[in-house]
Amino acid sequence: MFDYLIVGAGFAGSVLAERLATQANKKVLIVDKRDHIAGNAYDYYNNDGILIHKYGPHIFHTNSRDVFDYLGQFTEWRPYEHRVLASVDGQLVPIPINLNTINKMYGLQLNSSQVEEFFESKAEKVDRVKTSEDVVVSKVGRELYEKFFRGYTRKQWDLDPSELDASVTARVPTRTNRDDRYFTDTYQAMPLHGYTAMFQKMLSHPNIKVMLNTDYKEIIDIIPHKTLIYSGPVDSYFNYCYGKLPYRSLEFKFETINSEYFQETGTINYPNEQAYTRITDFKYLTGQQHPKTAVVYEFPRAEGDPYYPVPRPENAEIYKKYQQLAETMTNTYFVGRLATYKYYNMDQVVAQALTLFKKIVQAHQPETHVNGQEKNLLQQP
């Protein structure tokens with residue numbers, strides 16, 4: 001008898017498996033229909049010996065010391081600040097748009113306060129910001145919106161930004177300084193030996209059994225367990241009774257390049273002409289020493305593995321129905337991107353899983369307070 005059956009060996013499932021096994025001494029079976037652990041963060045060495053991310057670039061960043069320290073129990077970190085250029089009007093310029101982007105594109109020599117005035121002069125008044133288009137044109141105007149955002153967004157989502165929730169483009173800031181880092185989080189680093197190695201350590205405990213190539217529906221009625229933790233698609237769990245929740249997928253095209261690097265930075269975005277949205281050169285991300293490099297081209301697709309929940313009000317309404325159904329379930333928890341139909345960064349999924357673990361422990365074991373002190377549930381004893 002297992003105490004917990006966990007569906008999905010990505011961040012959500014693996015963090016919960018590790019916490020329940022090591023901190024609550026629970027017996028856990030974690031199943032995944034894929035042939036590997038680590039979910040979409042899975043990385044491996046290709047035939048040329050280059051470390052690549054099977055499901056596109058995964059770059060770790062967080063403002064949470066708790067999350068960073070928790071994962072740090074299973075990996076050493078290599079400091080890495082990701083930088084992205086966009087191919088616009090035949091030039092490669094920094095994205096998010098910053099002072100250097102504007103000066104290079106327009107042949108100007110503005111300073112920070114002048115570029116702020118430049119943005120204000122281009123910005124369009126939007127009474128109520130509701131869509132992704134509203135977000136951008138209200139900050140930087142229509143010309144920069146057309147050059148950087150509209151084409152990229154249409155490729156990525158197969159929808160015009162005017163049809164998408166404001167959250168999509170709100171993720172990309174506009175800067176008036178020269179900061180060309182893609183993220184500004186306090187902690188920016190990559191697992192020194194890769195994500196898969198980190199997950200292997202996380203799941204390496206006698207209380208944890210891992211079963212791959214397994215659809216949980218094949219075993220749920222056969223293998224005795226007390227509680228289910230589900231991190232798969234919530235609509236699939238309920239047999240699509242309220243209809244299918246839409247996702248965007250990606251197709252990846254990998255190439256090994258016979259030179260040390262292929263491009264001048266980790267990722268280059270192609271907002272306009274090309275069918276692909278971006279190219280990533282893995283060795284910037286991994287820090288690997290190798291005479292060759294490997295790149296991945298990303299092509300957005302309507303069908304395939306579910307990666308990005310489509311943020312539109314009608315989809316949120318469908319999810320709400322599934323959420324209400326999920327809340328009626330006993331001894332069943334839903335966690336992670338797919339189960340909660342939200343676009344989370346990796347650190348957010350880890351934080352969500354750690355929060356759920358605390359909730360589970362507090363529900364079943366009031367003794368999480370020891371000698372009047374709250375026991376730290378994030379660290380190893």
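Bear in mind that the values in this text are calculations on the coordinates, not laboratory data. All of these numbers come straight from a predicted model, not from anything done at the bench. Don't worry about glycine lacking a Cβ; one is built from the backbone with ideal geometry, like all the others, and counts go over all protein chains shown.
Computed over the chain with a Gaussian network model linking Cα atoms closer than 10 Å, the most mobile of LEU354, LEU16, LEU159 is LEU159.
Within the chain, what is the longest stretch that has no GluC sites (Glu not before Pro) placed in a DSSP loop and near at most 12 other beta-carbon atoms within 10 Å?
77-259
Here the extension length gained between ALA302 and GLN288 equals 1.7 nm, from 0.36 nm per residue of separation less the Cα-Cα distance. Under a Gaussian network description of the chain, with springs only between Cα atoms under 10 Å, the residue in ASN207, ASN331, ASN269 that fluctuates furthest is ASN331. Under the classification rounded if a/c is under 1.5, otherwise prolate if a/b is larger than b/c and oblate if not, where does the stretch 84-170 fall, given a ≥ b ≥ c as square roots of the Cα gyration tensor eigenvalues? The shape class here is oblate.
Measuring between alpha carbons in the structure, the pairs from LYS130/LYS342; LYS54/LYS283; LYS26/LYS358; LYS155/LYS320; LYS54/LYS244; LYS226/LYS359 lying more than 20 angstrom apart are LYS155/LYS320; LYS54/LYS244.
A Gaussian network model of the chain, with springs between Cα atoms under 10 Å, assigns the largest mean-square fluctuation among GLY39, GLY13, GLY304 to GLY304. Annotation note: trypsin sites (Lys or Arg not before Pro) in the stretch 185-289 located in DSSP loop regions with a Cβ neighbour count of at most 15 within 10 Å are LYS244.
Taking Lys and Arg as +1 and Asp and Glu as -1, the other residues whose beta-carbon sits under 9 Å from that of PHE2 total +3. As an equivalent ellipsoid, the stretch 140-179 spans semi-axes of 19, 12, 9 angstrom, where each value is the square root of five times an eigenvalue of the C-alpha gyration tensor, largest first. Here the calculated FRET efficiency for GLN323 and PHE252, from their Cβ-Cβ distance with R0 = 30 Å, stands at 0.45, rounded to the nearest 0.05. The ranking of PHE60, PHE2 by Cβ neighbour count inside 10 Å, starting from the fewest, reads PHE2, PHE60. Compared with the alpha-carbon gap, the fully stretched path from THR330 to ARG312 is longer by 3.5 nm at 0.36 nm per residue.
Here is the list for the stretch 115-172: trypsin sites (Lys or Arg not before Pro) lying in DSSP coil, each with at most 14 other C-beta atoms within 10 angstrom of its C-beta, are LYS125, ARG128, LYS130, ARG171.
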